[in-house]
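Pasting a structure here, questions to come.
The values are calculated or read from the model by the stated rules, or taken from the named source; none is laboratory data. Computed from a prediction, not measured in an experiment: that's the story for all the values here. In this analysis, Cβ positions are derived from the backbone assuming ideal geometry, glycine residues included, and neighbour counts consider all displayed protein chains. The protein model used for the area step is the full one, side chains on, heavy atoms only, and it has no ligands, DNA or RNA in it. Shrake-Rupley method; radii C 1.70, N 1.55, O 1.52, S 1.80 Å.
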Amino acid sequence: MAELENTGTVVQQATTIGRRFEEEAVQEFRAGLRGELLRPGDHDFDTARRVVNGAIDKTPALIVRCSGVADVLRSVKFARVNELTVAVRGGGHNVAGNAVCDDGIVIDLSRMRSMRVDPERKTVQAEAGARWRDFDHETQAHGLATPGGMVSSTGIAGLTLGGGIGWLLGKHGLTCDNLLSADIVTADGRFLTASTSCNEDLLWGLRGGGGNFGIVTSFEYRLHPLGPVLGGTVIYPLDKAQEVLSFYKSFTRTAPDELTANATLYTRPGGVPVVSLDFCYAGSLEKGEKVVEPLKKFGSPLEDLSGSMPYCELQTMFDNPFRIGLQSYWKSNFMSNLSDDTINTVIAHFSNVPSPQTIIFIQHYHGAMRRIGKDEAAFSHRDAEYGLLIASYWRQQAEARSNIEWTRNFFAAMQPFSMSTVYVNFLSNEGENLVKAAYDSEKYARLVALKNKYDPTNFFHLNQNIRPELP
């Protein structure tokens with residue numbers, strides 16, 4: 001992200017933006033916070049406005065690093081009174097960059113990370129600023145887990161609200177399927193709990209409908225016993241990709257619930273393009289060894305980095321921290337199968353990838369996530385067999401055009417094999433039609449009705465937005 005060039009520029013920006021407020025009102029707002037209020041020119045402001053996607057360069061007027069629910073309530077009220085655009089930040093990981101805005105207010109939850117595990121009830125209450133590395137650290141201390149993502153730096157809030165595809169999807173479903181309740185601050189400043197006993201309609205919407213209905217301040221999840229897992233990655237040269245992906249297709253067809261397996265195409269340090277098979281077996285290690293034996297014996301891998309390991313280790317294995325701060329653009333879709341033509345198209349496009357930082361993920365969906373009742377969650381398209389994510393990364397602004405064009409061309413070439421549906425957590429800023437494609441028509445209409453009820457003025461619109469449709 002471009003840095004502000006000098007202190008004089010920062011002060012000038014601070015003065016310009018600051019004119020929108022009466023200074024007395026800002027100071028009164030600051031005095032009522034337990035957390036920290038940052039403005040342009042303040043120490044750490046430039047760091048605080050950064051998100052994971054380095055292509056996002058926005059300058060809010062105010063950033064509130066909330067210390068608790070009271071700060072969130074106060075920030076919502078201040079934003080409403082002053083007619084400010086609101087961005088809500090959890091982990092700041094989402095590629096669309098909606099966790100920050102120009103001129104408005106960022107309600108930053110990243111310092112709200114407390115958790116309380118109840119090992120007897122097998123539940124956990126977690127504040128919305130926690131990341132999966134925080135979450136797994138606490139729950140695994142009790143030999144418990146809930147389905148999370150596949151990168152430990154991801155925030156629990158965004159992942160949960162959009163669905164939550166992760167290593168345990170076959171055995172325990174998506175993250176949102178394990179959401180028992182949530183505390184939320186609504187656009188009109190109310191503090192509500194959504195659960196199966198109160199505001200049940202809202203809980204349904206939070207299970208996949210994104211941040212459209214308010215600011216979730218804490219989540220309660222169901223936990224499951226989980227000890228060491230069998231997992232890791234087996235890496236092959238790219239010239240074996242046709243054989244590897246064909247094997248992956250046949251191998252995943254018979255995958256038991258305990259096994260989640262992905263295929264990844266990327267470039268290793270040193271410029272070597274490869275294809276890998278990445279997996280997690282969350283069950284008996286003895287049974288797991290037999291299940292993954294065909295994978296470990298397949299072909300002649302460059303490297304086999306798999307074995308028995310703590311779940312927390314697997315969750316950090318694919319973090320790729322060097323990509324944090326790189327510029328990025330994503331495209332994704334769901335697929336009903338992985339045909340030979342699909343495989344050939346993926347390989348052909350990756351063979352001409354313009355950036356060595358770009359990664360292609362193919363994810364397999366099965367098991368518990370597909371057995372969830374249709375009416376239990378807003379998340380849709382559980383009939384998909386596979387998902388494709390084209391995650392393009394590059395370093396310099398001058399590279400943006402070629403990388404975005406390549407990504408769009410690749411995505412267009414995949415349309416004949418696509419279900420014309422998308423995963424909302426993988427969307428860049430693509431507009432209303434692709435947001436609608438994340439849900440079936442019946443669920444989208446239900447989400448619009450929830451938006452009408454809980455946020456009729458679209459106060460929370462910096463998200464994969466579901467617009468209200470009031471008479």
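Which of the residues belonging to segment 256-266 are open to solvent by 20 Å² or more (accessible area, probe 1.4 Å) and under 25 Å from the mean Cα position of the chain (by Cα)?
ASP257, GLU258, TYR266
Which residues, taken from segment 321-335, are surrounded by 15 or more Cβ atoms within 10 Å (Cβ to Cβ) and of a type outside the set (Lys, Arg)?
Once the filter is applied, which keeps residues that are surrounded by 15 or more Cβ atoms within 10 Å (Cβ to Cβ) and of a type outside the set (Lys, Arg), segment 321-335 yields ILE324, GLY325, LEU326, GLN327, SER328, TYR329, TRP330, SER332, ASN333, PHE334, MET335.
So that you can scan it fast, the table gives a plain yes or no per residue for (1) crowded, with 24+ Cβ neighbours inside 10 Å; (2) of a type in the set (D, E, K, R); (3) modelled with pLDDT of 95 or more; (4) in a loop (DSSP other than H, G, I, E, B):
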| site | (1), (2), (3), (4) |
| --- | --- |
| ARG74 | no, yes, yes, no |
| LEU84 | no, no, yes, yes |
| ASN94 | yes, no, no, yes |
| VAL106 | yes, no, yes, no |
| MET112 | no, no, yes, yes |
| GLN125 | no, no, yes, no |
| HIS142 | no, no, yes, yes |
| VAL151 | no, no, no, yes |
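Being free of Cβ contacts under 8 Å to residues at least 40 places away in the same chain, farther than 30 Å from ARG80 by Cα and open to solvent by less than 20 Å² (accessible area, probe 1.4 Å) narrows it down to one of VAL274, VAL229, VAL244, VAL292, so name that one.
Only one candidate qualifies: VAL274.
Residues that are within 28 Å of GLU430 (Cα to Cα): find the helices (runs of 4 or more DSSP H) completely inside segment 251-350 holding 2 or more of those.
By residue number, 340-350.
Going by what's in this entry, would PHE219 be described as among the hydrophobic types (A, V, I, L, M, F, W, C), surrounded by fewer than 23 Cβ atoms within 10 Å (Cβ to Cβ) and in contact (Cβ under 8 Å) with a residue 24 or more places away in the chain?
Criteria not met by PHE219.
So, in segment 47-70, of the ones that are of a type in the set (S, T, N, Q) and in a loop (DSSP other than H, G, I, E, B), which residue ends up farthest from MET115 (Cα to Cα)?
Looking at the filtered set, the residue picked out is THR59.
Another question, then. Conditions first: (1) open to solvent by less than 10 Å² (accessible area, probe 1.4 Å); (2) under 21 Å from THR252 (Cβ atoms); (3) within 22 Å of the chain's Cα centre (by Cα). SER392 passes all but one, so which condition is the exception?
It is condition (2) that SER392 fails.
Scan (1) outside any strand (DSSP E or B); (2) over 22 Å from the mean Cα position of the chain (by Cα) for the single condition LEU203 breaks and write down its number.
Going through (1) outside any strand (DSSP E or B); (2) over 22 Å from the mean Cα position of the chain (by Cα) one by one, LEU203 breaks only (2).
Right, something else. Somewhere in segment 92-100, is a residue in contact with a Lys or Arg (Cβ under 6 Å, 6 or more places away or on another chain) and of a type outside the set (Asp, Glu)?
yes
Kindly establish whether VAL244 is among the β-branched types (Val, Ile, Thr) and assigned to a strand (DSSP E or B).
No; evaluated as a whole, the condition is false for this residue.
Just checking, does segment 113-126 include any residue being touching a residue at least 24 places away in the same chain (Cβ under 8 Å) and closer than 12 Å to GLY158 by Cβ?
no
Can you confirm whether LEU314 is closer than 14 Å to TRP167 by Cα and either under 25 Å from the mean Cα position of the chain (by Cα) or surrounded by 22 or more Cβ atoms within 10 Å (Cβ to Cβ) (or both)?
yes
Now, a different point. Taking ASN465 as the residue in question, decide whether it is within 22 Å of the chain's Cα centre (by Cα), open to solvent by less than 50 Å² (accessible area, probe 1.4 Å), under 30 Å from SER336 (Cα atoms) and of a type in the set (S, T, N, Q).
yes
Identify, please: which residue in segment 413-434 is part of a helix (DSSP H, G or I) and of a type outside the set (Phe, Trp, Tyr) and is, among those, nearest to HIS349 (Cα to Cα)?
By that ranking, first place goes to ALA413.
Among the residues of segment 154-209, how many are acidic (Asp, Glu) and open to solvent by less than 10 Å² (accessible area, probe 1.4 Å)?
0
Do you know which of the residues in segment 114-123 that are more than 15 Å from GLY68 (Cα to Cα) and in a loop (DSSP other than H, G, I, E, B) is farthest from the chain's Cα centre (by Cα)?
GLU120
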